[in-house]
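S.K.: Sharing a structure, written as structure tokens. Questions coming.
The values are calculated or read from the model by the stated rules, or taken from the named source; none is laboratory data. In this text, all values refer to a predicted model and were calculated from it rather than measured experimentally. Methodologically, a virtual Cβ is constructed for each residue, glycine included, from the backbone with ideal geometry; neighbour enumeration extends over all protein chains shown. Just so you know, the surface numbers come from the protein's heavy atoms only, side chains and all, with ligands and any DNA or RNA stripped out. Shrake-Rupley method; radii C 1.70, N 1.55, O 1.52, S 1.80 Å.
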Amino acid sequence: MALLAVFALNVSAAKKKEAKKVDNKPVFTIIKENPITSVKDQNRSGTCWDYSTLSFFESEILKATGKNVDLCESFVANKTYMDRAIQVVRFHGDCQFSQGGSAEDPLATMKKWGICPESAMPFPGSLYGDSLNNFNEFFAVMEPYVAAIAKRDAKKISGQWKVGLQGILDAYLGQCPEKFTYEGKEYTPKSFMNSLGINLDDYVSITSYTHHPFYTGFAVEVQDNWRFPLSYNLPVDEMMRVIDNAVQNGYTVAWGGDVSEPGFTRTGLAYAIDTKKTESLAGSDMAKWLKLTADKKKNLIDSLGCTIPEVVPTQEMRQERFDNWELTDDHGMHIYGIAKDQNGKEYYMVKNSWGETGDYKGIWYMTKAFIAANTMDFLINKNAIPADIRKKLGI
């Protein structure tokens, strides 16, 4: 009987523990949700910048025309990697050639070359026998090729290296079509772009740092911002007003920022964790957050759930983290809505490009504090910016 009693107590304790965990899991009420296209999977490729920005433009097309169009990431990648290789060669290898990029790359590609639908090029990965993009072999071939040209000890190089590189790009991504048929009509990439009902001159980039004057434009100093587009610099509170105003008025946001923080979970949530307060909640002031293992951090975040303490991001905090390399531009995602949990805390609804993973089938709920703390920059329709801020920026 004593053994049964102990067993019953253990079961009861386990149920209470589980109930607490369930109680701390956020229950969302949608405040505003704008239309998006289906969740895609970038798989083993560093192309979040490509998937997130084309997802953003797909929503822009939905807003403008009501048409659901699947734009082709491989077209953008093919053109972008050639453009980036040309820059690396011009700099004699003194800049980075990598899989990464920024929201400017799809925008620049569409302005220069146009775009095609997904159906006009081979399905990602199919050319080399994979079910989705896998850039491991692709870049193992391409990176040394570009480096061999860029770092040659030669007084002159020929243009044939571009022919060779284009062959590699086409072998792994497919050839970009000069013409194609879509819904019974023939297009070129440029004529297809012109048919989509959006004006590519309407899009601007926003950021928030103090090492440049506010209300001016500057190129954010990160390696994947290799085209050096200018971002308008706003105080952090106005940067956040822009996102809120956009979503509330039917626009979405192509977001770039830092998801390497422990508060960004793989289950579909992101919190700007206040580590000092979280340490004390761990049961001991000696349980320093930075000394916890990754698994213990994850367990603590999961158990606290939506009750986890968050920092209040400040302008000074953003600048310090940018300057000391804590705040990086490691991921691109697509903000399209706002929701609140059972405690009234507001989150942005954010479409990811890792397939239908996590608790919300490829959607992340990221608190406003997390976005304020971890935004590098974002692309937005200038018409989504509040009128008073547009006036300050002169747009």
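S.K.: I need a count of the residues in the stretch 62-86 that are part of a helix (DSSP H, G or I), under 19 Å from the mean Cα position of the chain (by Cα) and either over 21 Å from Phe135 (Cα atoms) or among the hydroxyl-bearing types (Ser, Thr, Tyr) (or both).
M.R.: 3
S.K.: When the stretch 196-205 is examined, which residues are found to be open to solvent by less than 80 Å² (accessible area, probe 1.4 Å) and either at positive phi or free of Cβ contacts under 8 Å to residues at least 24 places away in the same chain (or both)?
M.R.: Gly197, Asn199
S.K.: If you don't mind, there's one more thing I want to ask. Could you check, for the stretch 184-195, whether at least one of its residues is over 23 Å from Pro106 (Cα atoms), out of contact with any Gly (no Cβ under 8 Å at 6 or more places or on another chain), loosely packed, with under 14 Cβ neighbours inside 10 Å and of a type in the set (Lys, Arg)?
M.R.: Checked against the condition, which is being over 23 Å from Pro106 (Cα atoms), out of contact with any Gly (no Cβ under 8 Å at 6 or more places or on another chain), loosely packed, with under 14 Cβ neighbours inside 10 Å and of a type in the set (Lys, Arg), the stretch 184-195 yields at least one hit.
S.K.: Moving on to the next point. Hand me the list of strands (runs of 3 or more DSSP E) wholly inside the stretch 326-392 holding 2 or more residues that are among the β-branched types (Val, Ile, Thr).
M.R.: Those strands (runs of 3 or more DSSP E) span 331-340, 363-367, 375-381.
S.K.: Now a separate question. How about the stretch 206-229: which of its residues are open to solvent by less than 20 Å² (accessible area, probe 1.4 Å) and either under 25 Å from Thr47 (Cβ atoms) or in contact with a Gly (Cβ under 7 Å, 6 or more places away or on another chain) (or both)?
M.R.: Once the filter is applied, which keeps residues that are open to solvent by less than 20 Å² (accessible area, probe 1.4 Å) and either under 25 Å from Thr47 (Cβ atoms) or in contact with a Gly (Cβ under 7 Å, 6 or more places away or on another chain) (or both), the stretch 206-229 yields Ile206, Thr207, Val220, Asn225, Trp226.
S.K.: Moving to a separate point now. Can you find a residue that is of a type in the set (Lys, Arg) and either in a strand (DSSP E or B) or at pLDDT 95 or above (or both) anywhere in the stretch 306-319?
M.R.: yes
S.K.: On to the next question. Does Val89 satisfy being in a helix (DSSP H, G or I) and either closer than 16 Å to Arg227 by Cα or of a type in the set (A, V, I, L, M) (or both)?
M.R.: Considered against the rule, which asks whether it is in a helix (DSSP H, G or I) and either closer than 16 Å to Arg227 by Cα or of a type in the set (A, V, I, L, M) (or both), Val89 comes out as yes.
S.K.: Now for a separate question. Search the stretch 238-274 for residues being more than 16 Å from the chain's Cα centre (by Cα) and closer than 13 Å to His334 by Cβ, and hand back the single one that is most open to solvent (accessible area, probe 1.4 Å).
M.R.: Among those that are more than 16 Å from the chain's Cα centre (by Cα) and closer than 13 Å to His334 by Cβ, it is Tyr251.
S.K.: In addition: Got a sec? Which of Lys79, Lys162, Lys111, Lys151 is among the charged types (D, E, K, R), closer than 30 Å to Thr252 by Cα, touching a residue at least 40 places away in the same chain (Cβ under 8 Å) and open to solvent by 70 Å² or more (accessible area, probe 1.4 Å)?
M.R.: Lys111
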